[in-house]
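This report concerns only the one structure given below.
The values are calculated or read from the model by the stated rules, or taken from the named source; none is laboratory data. Keep in mind that this is a model prediction, so the values were computed, not measured. Every residue, glycine as well, gets a Cβ built from its backbone with ideal geometry; the counts of neighbours run over all protein chains shown. Remember, those area values only see protein heavy atoms, side chains included, never the ligands or the DNA or RNA. Shrake-Rupley method; radii C 1.70, N 1.55, O 1.52, S 1.80 Å.
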Amino acid sequence: MATCSTGCAPAVRLCQRLNRLKTLDGDMMATSLKRCLSTLDLTLMGVGGMVGSGLYVLTGTVAKDTAGPAVVISFVFAGIASLLAAFCYAEFGARIPKTGSAYMFTYVSVGEVWAFLIGWNVILENMIGGAAVARAWSGYLDSIFNHAIQNFTETHIMQWNVPFLAHYPDLLAAGILVFASVFISFGVQVSSYLNHIFSTISMGVIAFILVFGFMLADPANWSQEQGGFAPYATAYILVSCVLTLMVPWRTLDPNSALADAFFRRGYSWAGIVVAVGSICAMNTVLLCNLFSLPRIVYAMAEDGLFFSIFARVNPVTKVPVNAILVFGILMAGMALIFDLEALVQFLSIGTLLAYTFVAASVIVLRFQPEKTNSKDTTTTSPNVNAEVSPAPSESQTITEDSEEPKQYESFSDKLQLVERQKTRERRGVGHLKAYWEPYLDRLLGDCEPGEVVAFCVMTLIVSSVSLCAVLEFGNEQLQFPVWCFTMLLVIFTSAYVLSLALIWIHEPQRNNQTFQVPLVPLTPGASILFNVFLMMKLSLLTWIRFTVWIAIGLLVYFGYGIWHSKEGLRELQPKDMAARYVVLPSGSLVETVQSVQPDGQVVTSAHQISSPAAPTATEADGNR
């Protein structure tokens with residue numbers, strides 16, 4: 001047994017390093033970046049980030065190639081998933097107001113390696129998103145000039161027929177990304193003003209599309225003669241209605257669907273208005289991607305998990321210029337060679353995975369006891385009336401009935417034992433609720449606070465993946481018989497529901513000072529299920545690309561991040577003072593204080609404290 005423990009020690013230490021949590025400093029608002037955006041700035045930036053290629057380009061692409069007029073239903077499903085994720089992001093944004101988005105949230109609640117992988121995927125998400133928008137931007141501008149730019153490039157520059165790549169290099173898309181990267185490196189305020197202008201124009205054009213588009217609507221375009229309402233799959237709603245009512249969905253131009261629809265109905269001026277509005281909208285998305293991506297990279301570099309060169313902030317503009325320029329150029333390279341469809345598929349998987357981890361992190365953090373500052377635990381005053389934590393500390397490894405010395409982290413915990421208080425304690429965060437304690441305490445009562453919840457969250461994710469896989473592949477690809485298909489659905493659905501129920505019967509944190517997601521764990525649990533279901537709809541090639549990207553990320557983490565992690569370096573730093581209270585068999589208390597010197601020497605001092613049930617100092621001396 002001892003040999004096994006010794007052999008497993010390196011693996012245990014590695015797991016501890018991979019799952020260590022980020023320690024938040026006292027002033028979470030402190031940053032070397034410049035804080036200058038108002039509520040209006042952030043609101044318009046959020047609107048600009050939402051309304052871009054997804055509205056002007058993907059509406060036509062999905063309607064033509066996937067869903068037809070039932071693209072309306074597709075956007076309903078996507079909207080529900082986005083709304084649930086927005087609730088989870090809002091809670092974390094209120095609790096942890098630091099740069100880093102899903103990466104920071106996961107680092108605080110789940111662990112380091114998971115945070116790195118989420119950050120790595122958010123980087124991919126923003127890179128792909130920027131490249132896709134630039135490609136759509138180029139396509140819309142090209143549509144205004146009747147595809148003259150594409151024809152010139154293919155005729156006089158070059159074209160290729162390589163699988164998974166575009167038919168020609170999109171020099172215009174790459175050029176706009178390089179220009180935008182240089183522009184945004186001049187500072188936040190400049191790009192914010194430009195975002196105001198583009199967002200205002202974009203919202204005006206959307207209103208124009210809705211009003212004028214419904215005037216040109218023809219219900220016959222949803223008839224069976226034109227292909228029906230839902231020809232394929234059934235998974236921006238008003239705009240998709242307008243688009244598929246204006247022209248038959250099978251005739252849509254996927255590169256510039258909205259503008260092309262107005263051109264084909266004979267309203268060229270309206271098509272130009274829509275094209276200009278779409279370019280403005282996609283400019284705002286480019287600005288948002290180039291604004292958020294460098295800050296994710298900066299946050300990871302600041303924590304030591306990514307190369308330190310990206311943590312440098314320009315002293316004049318107060319923005320991470322290195323991250324902006326390097327990743328802006330990488331975006332431009334992707335926009336140059338990949339077509340829009342490949343970029344969009346790759347974009348979705350990173351976004352949905354980040355949504356899933358944020359939802360899981362909300363549950364874990366909601367049922368996790370608040371961590372106290374280490375300085376507070378070493379200077380705890382001997383207050384008999386102090387509230388006692390119901391959870392045993394890590395050092396309480398010896399049972400109460402033993403006659404051997406016991407160690408306790410706090411003085412109040414020791415007084416609780418010495419006085420033999422048998423009163424029922426108030427249930428703390430992460431413990432079973434009082435109502436369920438008589439029924440489940442024998443089964444779950446010995447678990448650490450939040451331990452059962454963490455296990456249930458893992459079960460929730462696994463059951464969601466299994467359930468969605470059976471629903472998506474069980475009948476067609478795997479060809480399960482009916483009894484097997486039904487049995488698997490019952491098993492995985494039961495595991496999903498049971499996990500939610502076990503989480504619900506534990507005490508959550510109750511914080512009225514900041515926003516909290518309603519109906520936890522139901523809301524984040526539903527978010528996990530929706531996101532996993534949508535990920536299962538993606539192509540095999542997308543999953544292969546995603547796996548390659550994850551493998552590259554793991555090489556970066558194990559080759560650099562794990563060795564330069566600031567949390568890892570923090571663990572190696574010596575503690576200034578450590579205090580423990582030791583119980584002697586006689587019932588007296590001995591406070592042991594260890595002071596760690598810079599050269600590694602340890603100076604230990606101890607003094608005895610008499611408790612109400614302990615013998616006097618004279619009696620103790622006599623016993624010795």
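Observations on the structure shown:
- Conditions (1) under 22 Å from Ser565 (Cβ atoms); (2) of a type outside the set (Val, Ile, Thr); (3) modelled with pLDDT of 70 or more; (4) open to solvent by 50 Å² or more (accessible area, probe 1.4 Å): number failed by Tyr89: (1)
- Selection count, the range 139-154, where residues are open to solvent by 30 Å² or more (accessible area, probe 1.4 Å), among the aromatic types (Phe, Trp, Tyr) and part of a helix (DSSP H, G or I): 1
- Look at the range 513-542: where a residue is within 14 Å of Leu353 (Cα to Cα) and a partner is open to solvent by 50 Å² or more (accessible area, probe 1.4 Å) and modelled with pLDDT of 90 or more, sitting 6+ places away or on another chain with Cβ atoms under 7 Å, you get Val532/Val465.
- In the range 102-126, residue surrounded by the most Cβ atoms within 10 Å (Cβ to Cβ) [restricted to those that are part of a helix (DSSP H, G or I) and in contact with a Lys or Arg (Cβ under 7 Å, 6 or more places away or on another chain)]: Tyr107
- Tally of residues being open to solvent by 40 Å² or more (accessible area, probe 1.4 Å) and part of a helix (DSSP H, G or I) across the range 176-189: 5
Residue-by-condition table, conditions (1) assigned to a loop (DSSP other than H, G, I, E, B); (2) open to solvent by less than 30 Å² (accessible area, probe 1.4 Å):
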site	(1), (2)
Cys288	no, yes
Leu293	no, yes
Val297	no, yes
Met300	no, yes
Phe306	yes, yes
Ile309	no, no
Pro315	yes, no
Ile324	no, yes
Leu330	no, no
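- Residue in the range 127-138 that is surrounded by fewer than 20 Cβ atoms within 10 Å (Cβ to Cβ) and either touching a strand residue (DSSP E or B) at 6+ places or on another chain (Cβ under 7 Å) or part of a helix (DSSP H, G or I) (or both) present: no
- Some residue of the range 386-404 being among the hydroxyl-bearing types (Ser, Thr, Tyr) and modelled with pLDDT of 50 or more: no
- Number of the exception - Val319 against (1) open to solvent by 20 Å² or more (accessible area, probe 1.4 Å); (2) at pLDDT 80 or above; (3) in a loop (DSSP other than H, G, I, E, B): (1)
- Qualifying residues in the range 268-284 (those that are open to solvent by 10 Å² or more (accessible area, probe 1.4 Å) and of a type in the set (Val, Ile, Thr)) - the one nearest to Tyr557 (Cα to Cα): Ile279
- Single residue of the range 447-462 satisfying the filter (outside any helix (DSSP H, G or I) and on the phi < 0 side of the Ramachandran plot) that is most open to solvent (accessible area, probe 1.4 Å): Glu448
- Residues that are over 27 Å from His564 (Cα atoms) and among the small types (Gly, Ala, Ser), drawn from the range 263-314: Gly266, Ser268, Ala270, Gly271, Ala275, Gly277, Ser278, Ala281
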